[in-house]
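Accompanying notes for the structure given below.
Every read-out reported here was derived from the displayed coordinates using simple, explicitly stated rules and does not represent laboratory data. Predicted model only: the values in this text are computed from it and were never measured. Here the Cβ positions follow ideal geometry from the backbone for every residue, glycine too, while neighbour counts run over all protein chains shown.
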Amino acid sequence: MLVIIMSQDTKLILFFIWVVIAMLISTVGLVMIMRWYHREVTKVKKQQAEEHQKLNNQDKNI
């Protein structure tokens with residue numbers, strides 16, 4: 001088993017660097033999910049608006 005001899009300060013610094021990297025990765029992932037969700041909601045709203053407009057146009061033609 002490989003044992004790396006490091007001081008307590010070095011271990012603490014590496015741990016905090018690891019925590020910051022993990023937080024950055026999770027934040028980027030969350031932003032990507034939010035952007036994807038916003039795009040999907042916009043698509044659905046656009047489709048609903050088009051369907052509503054078609055129904056209104058059909059009602060006016062009758």
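Tabulated data for the structure shown
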| quantity | calculated |
| --- | --- |
| Any pair with Cβ under 6 angstrom, 6 or more apart, that starts in region 8-19 at a residue that is touching a residue at least 40 places away in the same chain (Cβ under 8 Å) and ends at one that is part of a helix (DSSP H, G or I) and among the β-branched types (Val, Ile, Thr) | none |
| Hey, residue 4 surrounded by fewer than 10 Cβ atoms within 10 Å (Cβ to Cβ), more than 19 Å from the chain's Cα centre (by Cα) and either at positive phi or free of Cβ contacts under 8 Å to residues at least 12 places away in the same chain (or both) or not | yes |
| Near pairs, Cβ below 7 angstrom, 6+ apart or cross-chain, from region 25-36 (in contact (Cβ under 8 Å) with a residue 40 or more places away in the chain and of a type in the set (Val, Ile, Thr)) to any residue that is part of a helix (DSSP H, G or I) and surrounded by 10 or more Cβ atoms within 10 Å (Cβ to Cβ) | none |
